[in-house]
Structure formats: structure tokens, C-alpha cells
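Accompanying notes for the structure given below.
The values are calculated or read from the model by the stated rules, or taken from the named source; none is laboratory data. For clarity, every value in this text was computed on a predicted model and none was experimentally measured. In this analysis, Cβ positions are derived from the backbone assuming ideal geometry, glycine residues included, and neighbour counts consider all displayed protein chains. Surface areas here come from the heavy atoms of the whole protein model, side chains and all, with no ligands, DNA or RNA. Shrake-Rupley method; radii C 1.70, N 1.55, O 1.52, S 1.80 Å.
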Amino acid sequence: MIFETIIGLEVHLQLNTNTKIFCGCANLFGKESNTLVCPVCLGLPGTLPVLNQKALSSAIKIALALNCQVNPYIKFDRKNYYYPDLPKGYQISQYDLPVASHGWVEIPDKQAGAPSDHRVKRINIKRAHLEEDAGKSIHDQTLNASLVDYNRTGTPLMEIVSDPDLRCAQEAYDYLTTLKLILQYLNVSDCDMEKGSLRCDANISIRPLGEQKFGVKAEVKNMNSFKAVKMALEFEENRQRQLLLSNQRVVQETRLWNEEKGMTFPMRSKEEAHDYRYFPEPDLVPFMVRESMIEEIRASLPELPHAKLERFLKEYQISEYDAQILIQDPTLSGFFEECVKRTSMIKKVCNWLIGPVLQELNLRKVNIQQIGLQTQELVNLIDKVEQGVLSNLVAKDVFKLMLDTGKTVDTIVAEQGLTQVSDDSVLEKIVEEIINDNEKVIAEIKQGKTSAMGFLVGQAMKKTQGKANPKKIGDLIKRRFENG
Ligand SMILES: [Zn+2]
């Protein structure tokens, strides 16, 4: 029997506001436990929440970027449940009137045909709403006790719920990467899954192909990376298929992904909405957002990844492969645009950025803004290679030195005496030495093994610490052999 997989994702995004959503406590990660708390976020009796305006405008920004309808009528509701990390005994969330609904994002449609088709699949966003985060329970093995940290309590969250439009684990992965990139462009969150700023729960069910009715779904939690989401969904897809094939039932439940074992395990039976006894939050008055505020936010939206990709292809005529890499990091693509304002060597800039520059950024775990590189300096470095002053090899070392010392290309080249040697008389002397030192190789070349010439060039480069012009060295060696 052929089955169809149905996946819907819920993404929780912590917004990077200065303060929490309903109080003035700092919204910071990694501080000493229970130091960023006040009577409001601790839920002490008699306190009243006040909505953070930045959180609201970030929510509207996200709504617009995800092509959602923005609901200007803002109303909050209480979601009641008891858990030690939720001091009030309820979470302030939005129930029937979310900030945003009916949006969509487009992911590559890999099943539609050849990858070069550029076909996209639209994944609908059902709703996106604002709510407060809970605290964090820490289960301490050595103390044999559970502790709770309320620093996270009241952190603004945007919950983004997709429709069940995803049909396989890979599509879920593509949706998450597309969504994350859009959110990064908006600068509303650091989107760091390791810190929990971006979390994802997945609903998955399967049904016989052609069946209209949805199968019984399981909710999967506790995935710490997009890769883990993909693996958990693949496991779950298979588990449910095995159950149905052996005439067993899939139970509606919440399951936890166990990364080490590579399996999901049941956690609890899934709550229904009525279990939460939602009712309007009486401490926050509903209000209307002015149309002008929404329009102001719309006008301030940055260029989004897809639009940037299209523009890069058209404006700079670079390959889609290069453009895709550049747009993955808005700081890097911004740097690229600044560089090509200063030089016509677009392809060279591109190669440097997605080659040595990206390599150093990854190694040093920083972005291009944090590494302290000036666009003009990178352009100068590329110029030096083009003019034959530096070999590619040496230029890469100079680049590392620029990052380490903050010195300019010119200073480093002058200080280290790095200018590429292109002077024929000097190079001829080097070639002479190499030929005298490598009799065996010379004999091989004379017998027709011309590939060994590369070895000689390599020896010359080594001898000059990479300063020789390799093309000239190659030419000189060739000439020696031609002249016998
Ligand atoms: Zn507080």
C-alpha cells in the first residue's frame, strides 16, 4: 500500500526585544538563573502586564513578510495549564484572533521536475500569534532534584503555524530553512536553535494515497536542529507506516525525539484546545492597531531573500550557485554589494567571498561585520593578485594576516617583503637551481612524462616561499626543455 505523509510545523521564535513582553525585565540569554525577574513575570498577585510595543511591531513585521493578513484587532487570551516553569498557572497567548493568518512561503519544489525548473511549492501559514515564553525546568541528576529558572519567563514569542501542506521530511527541512532566512533578514530574532531562540514542533500523520481524511497524528518535540527535525520525521513516518501495515492503530500523542537513540518516544497523550480552558485575558484591554502603523512597518521591510536572489542574478550576472551562497547571510551579501561598487571584477569578488573569506568566517565563528574587514581592503587585495604583485597563494596568507593584525594589504606586503617575483633574471636563476637539484625528474620529463613539470614549478614555489610567479616559472621551465 502506498501512503502519503502529512506534516505541519509549529515554530516558536523568541523576539530580540530589549525587554520582556509584559514587563521591563531585560530579555537576555545566558545570565545567572533567576536574576532577570520581577513581580510581573514571576506572576505575583496584584501585578499587571503591559504590552511591549517593539514585540507587537516585530510580530506585524513577521506577519507582512510571510504574506499574512494582519489582524489589527489585538486581543490576548489566557491559556491555562499548570507546570512548575509557568508561575502564573497560565500563559498569555492569543486564541481565536491571532495577529496574523492566511500567509504563505515558497519552497523549492523538488518533486515537480528537474531542479533547473526553479519550480516552487507554496506552503500556507495558517496563523501566527504573539505569546509569552515559559521559564525553564532543569533536571539536576547530581542533586536528584528539579530546579527552575524564570529568566526566560515572559520572553516575547511568535508562534508560526503552517498548514499541513508538507509531504515529506525534506520539505519540512526546506520550509524551516526558508522561514529562518526570512526571519534573519527581518532581524527580529537571532534564530539560534542551540539557545532555543527558534524551536520547532512537528505534527505528522500518514494516510493511504488518495484518501481525503487525515490519519491520526503524532506531535513530535525536542528537536534541536533542522537536521534533527528531518530525522525525527523520517523515523515517525516509518513507525506509523509499520503500525498501519500490521493493522495496528496510531495513537494521538506527543512524542519526544531522542537524538542519541535516533527514535521518538511517547511523552503524553495530546491535549485538545479545550483542555486549556482559553478565555480572554482580563488584564490586557483589546485594542486596534492603526492602519498607518501597519503601513509604516510594511514600508520599512527589507528586501527579502527571494527578491535579493532574483536581483543578484539579473544585476550581477553571477551563477545561481554563487548567488544562493551570498544571500544565505545578509551581512555577506551586503558586503558583496559594497565591494562591487568599487571594482568591476565581480566574479573575482564572488570567488573570494565564498572561498577564503567564508572559510575564515566559519573558522572564527563570526560574520563579516564582526571580522573587521573593510570592503576597500578586500578589493585592494584582489587588485594585487590581478596586477601580478601577489600570487593567489600568498594573497590568502596576506588575507589571514589582515584579519589577525587589522593592517592594510599595502602595509603587510611592504613589511613582509611579499611582492611576487616576476623578474626574469631572478626567476631564471631559480629555475637553474631547480633543474640541477632534480636530475631524476628531468630524465623522466625527457622521456615524455611532461606531467612532472608541475612538480618542478611546485619546487620553485617552495624555494621562494610562494613568491615566484608560477606562470612565469612554468614558461621558463618549458622553454628550457624546448631548447633541449
Ligand atoms: Zn519581569
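Return yes or no: is L157 assigned to a loop (DSSP other than H, G, I, E, B), among the hydrophobic types (A, V, I, L, M, F, W, C) and within 26 Å of V289 (Cβ to Cβ)? So L157 does not fit the description; no.
Residues in segment 1-46 that are more than 14 Å from the ligand (Cβ to nearest atom), over 21 Å from the mean Cα position of the chain (by Cα) and either within 30 Å of V216 (Cβ to Cβ) or of a type in the set (V, I, T) (or both): M1, I2, F3, E4, T5, I6, I7. Any residue at all in segment 85-99 that's open to solvent by 40 Å² or more (accessible area, probe 1.4 Å), in a loop (DSSP other than H, G, I, E, B) and of a type in the set (S, T, Y)? The answer is yes, given that some residue of segment 85-99 is open to solvent by 40 Å² or more (accessible area, probe 1.4 Å), in a loop (DSSP other than H, G, I, E, B) and of a type in the set (S, T, Y).
Condition check: within 25 Å of Q240 (Cβ to Cβ), small (G, A, S) and either outside any strand (DSSP E or B) or open to solvent by 10 Å² or more (accessible area, probe 1.4 Å) (or both). Does G196 satisfy that? It is false that G196 is within 25 Å of Q240 (Cβ to Cβ), small (G, A, S) and either outside any strand (DSSP E or B) or open to solvent by 10 Å² or more (accessible area, probe 1.4 Å) (or both).
The set of residues in segment 226-281 being on the phi > 0 side of the Ramachandran plot and open to solvent by 80 Å² or more (accessible area, probe 1.4 Å) consists of N247, R277.
Scanning segment 139-168 for residues that are away from the ligand (no atom under 16 Å from the Cβ) and in contact (Cβ under 8 Å) with a residue 12 or more places away in the chain yields a count of 13.
Residue check: Y175 meets all listed conditions (1) aromatic (F, W, Y); (2) touching a Lys or Arg at 6+ places or on another chain (Cβ under 8 Å); (3) under 20 Å from V11 (Cβ atoms) but one, namely (2). Scanning segment 200-225 for residues that are buried (at least 17 other Cβ atoms within 10 Å of the Cβ) and assigned to a loop (DSSP other than H, G, I, E, B) yields G215, K217, N222, M223.
Criterion first (part of a loop (DSSP other than H, G, I, E, B), aliphatic (A, V, I, L, M) and either farther than 27 Å from Y276 by Cβ or not assigned by TED's automatic domain parsing to the domain that holds I138 (or both)) does L28 satisfy it? So L28 passes the test. Does K61 satisfy the condition of being within 16 Å of the ligand (Cβ to nearest atom) and charged (D, E, K, R)? Here the answer is no, as K61 does not meet what is asked. Look at Q69 and say whether it is away from the ligand (no atom under 16 Å from the Cβ), among the polar types (S, T, N, Q) and open to solvent by 20 Å² or more (accessible area, probe 1.4 Å). So Q69 passes the test. Listed by first and then second residue, the pairs linking a residue in segment 35-52 that is without any contact (Cβ under 8 Å) to a residue 40 or more places away in the chain to a residue that is among the polar types (S, T, N, Q) and within 11 Å of the ligand (Cβ to nearest atom), with Cβ atoms under 8 Å apart and 6 or more places separating them unless they lie on different chains, are P39/T47. No other residue among K440, K472, K396 is surrounded by fewer than 13 Cβ atoms within 10 Å (Cβ to Cβ) and part of a helix (DSSP H, G or I) apart from K440.
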